[in-house]
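Okay, structure first, notes after.
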Amino acid sequence: MEGRGTRKKRLNENNTVFVKQFQAAKSVNDLLDLAVLPNLSSINALKLISSITKQINSGKSQMQNLETDERFIHLRKIVQSGEESKSQEALSHKLLKYSQLSTPAMIAVIASLREQGKRNTPLLKMLSYNIVKYNTALDLKQCATLLYSMAVLNFPDKVLLEKITSDLLVCASQSNNAAINKSIITSLGFLRYKNEDVLDAFCDTFFKKSVNYDFLDYSSIIQTFAALRYKSQKANSFIEKFIEYASPLETTLIEWLDIVWSLAVLDAVKSQHVKSVLEPTFLEKLNNSNLLNISKILKILNINAVAQFVLKDYEGPFLSEDSEYNISIVRSKEKQVYINALSEALTEILPSSSYFKTNVNANMGFLLDAEYRVNDQHKIVKVEEWNEQSNNVQRIAILVHDYHAYCIGQNDLVGSVYLYTQLLKAKGYDLISISYENFSAQDNIKKRVNYLKQCINNVQEIKSVKQT
């Protein structure tokens, strides 16, 4: 193995050779020829690039197609490699410095990254790893700081989350600080991290006279429960109590919309709640507030669908068919990849692409990934004949759920996606729900087709059982 002294001597010799040939170079071509010198350093490669571009820019030399010259490309690669090496060395040194901090100091660094808006993933991973490794018991405030920082930085490190929730189980039910409790619960919601034991522990604090929650605290908590679709026995007791006091007079228009939508997700919404949102005067005030964005409009459409298909005793207003809220919904690029993979598989299974639709607007505030229909003769119906064959037709909706459709911790659907599935069933669809774990665009077509066939057959079997 080469010693440090020997390596230094060799580098000096290489540098001496370079300096002599660099000084002797008469043209750009001569300088480019130096690119093939063995063990050329990134500093000397940068020196060559600088000299070459300087000569060309000054007009002293002319060189056609410099950017495509293999020698010039090689020089740039050497420079880039040198910069990456320096950067990696600096990062390693920095990480080593932080790894020697105490647990409170590491939490402070994570909080500082949050305040600066810096999502330094290598540093966050190292700090998370060490906090778990040192296994110092975290108090309530430390848990709150970590969870809030992880939520803001969108850094849901699963191992650290497990450590935090484990420590929370020890101290959560004894906490009398409403602000910290709410912060922890809402941060778990933003992170999509569902741990029913921890949430149950916090439920124990909701009815304590010593904990001063206000209505907005409870509202934020209800919205988090909806996001995670958390419905334990303790949660249900809290939801029932909340409904007794919930009123649009207690809060803003937007907040009330979010509350009613959350109650719909939690299967706890009443006709009077839905009616209060769909009243033309409420919607007009909401419009005039200039606070409506796409997500809020989609919630209004969800609530309208609940009124139409879920609530059997609803007698209030609905949105009109030509409502301004019936907007076009655009798929994300990531989701469209799944739709393309699904479409490809369906084309292999069904007679042709004329027998199904993708990205179907359900007119309920979301898109179906795909839909096909089967008549009472068990034959697939062509899309062009859907209107003619509306009676005795089985409508099948397909939803492909990506990673973001699930909670972390417990592999349940997030609240919004759960609501979509319930609305489809209430509207009369048979549903095929597909997880990203079983269906991927990276899978070969044969694997996707086989899995999808199995799902389609299962739906047909369930339908047959219902009919007998």
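The values are calculated or read from the model by the stated rules, or taken from the named source; none is laboratory data. Quick caveat: nothing in here was measured; it's all calculated off a predicted structure. Neighbour counts run over all protein chains shown; Cβ positions are idealised from the backbone, glycine included.
Of all residues in the range 370-380, one or more are surrounded by fewer than 15 Cβ atoms within 10 Å (Cβ to Cβ), touching a residue at least 12 places away in the same chain (Cβ under 8 Å) and at negative phi. If the condition is being in contact with a Lys or Arg (Cβ under 8 Å, 6 or more places away or on another chain) and either at negative phi or surrounded by 22 or more Cβ atoms within 10 Å (Cβ to Cβ) (or both), then the range 136-189 contributes Leu138, Tyr148, Ser149, Val152, Leu153, Phe155, Pro156, Asp157, Asn176, Ile180, Leu188.
For the range 375-393, the count of residues that are within 20 Å of Lys425 (Cβ to Cβ) and in a strand (DSSP E or B) is zero. Do the conditions hold for Lys231, that is, is it charged (D, E, K, R), modelled with pLDDT under 95 and touching a helix residue (DSSP H, G or I) at 6+ places or on another chain (Cβ under 9 Å)? Spelling it out, Lys231 is indeed charged (D, E, K, R), modelled with pLDDT under 95 and touching a helix residue (DSSP H, G or I) at 6+ places or on another chain (Cβ under 9 Å). Output yes when any residue across the range 228-235 is hydrophobic (A, V, I, L, M, F, W, C) and surrounded by fewer than 20 Cβ atoms within 10 Å (Cβ to Cβ), and no when none is. No, that holds for no residue. With the requirement that a residue be under 17 Å from Glu70 (Cα atoms), in a helix (DSSP H, G or I) and of a type outside the set (A, V, I, L, M, F, W, C), what does the range 22-43 give you? Matches in the range 22-43: Asn29, Asp30, Asp33, Ser42. Listed by first and then second residue, the pairs linking a residue in the range 347-362 that is closer than 13 Å to Ile329 by Cα to a residue that is of a type in the set (Phe, Trp, Tyr) and crowded, with 16+ Cβ neighbours inside 10 Å, with Cβ atoms under 9 Å apart and 6 or more places separating them unless they lie on different chains, are Ala362/Tyr420; Ala362/Tyr429. Exactly one residue out of Phe309, Phe282, Phe318 is touching a helix residue (DSSP H, G or I) at 6+ places or on another chain (Cβ under 7 Å), surrounded by fewer than 20 Cβ atoms within 10 Å (Cβ to Cβ) and under 14 Å from Gln422 (Cα atoms): that is Phe309. Taking only pairs six or more apart or across chains, which ones have beta-carbon atoms under 7 Å, a first residue in the range 291-310 that is of a type in the set (Gly, Ala, Ser), and a second residue that is surrounded by 18 or more Cβ atoms within 10 Å (Cβ to Cβ)? Pairs that qualify, where the first residue is of a type in the set (Gly, Ala, Ser) and the partner is surrounded by 18 or more Cβ atoms within 10 Å (Cβ to Cβ), are Ala305/Met364; Ala305/Gly365; Ala305/Leu423; Ala307/Val274; Ala307/Leu278; Ala307/Tyr314.
Exactly one residue among Lys163, Lys141, Lys182 is of a type outside the set (Phe, Trp, Tyr), more than 21 Å from Pro104 (Cα to Cα) and in a helix (DSSP H, G or I), and that residue is Lys182.
Look at the range 200-211: where a residue is acidic (Asp, Glu) and a partner is surrounded by fewer than 17 Cβ atoms within 10 Å (Cβ to Cβ) and outside any helix (DSSP H, G or I), sitting 6+ places away or on another chain with Cβ atoms under 6 Å, you get Asp200/Ser232. Within the bounds of the range 192-199, is there any residue that is part of a helix (DSSP H, G or I) and of a type in the set (S, T, N, Q)? The answer is no, given that none of the residues of the range 192-199 is part of a helix (DSSP H, G or I) and of a type in the set (S, T, N, Q). Only residues that are in a helix (DSSP H, G or I), touching a residue at least 12 places away in the same chain (Cβ under 8 Å) and among the aliphatic types (A, V, I, L, M): list them for the range 100-138, please. Passing the criteria: Met106, Ile107, Val109, Ile110, Ala111, Leu113, Leu123, Leu124, Met126, Leu127, Ile131, Val132.
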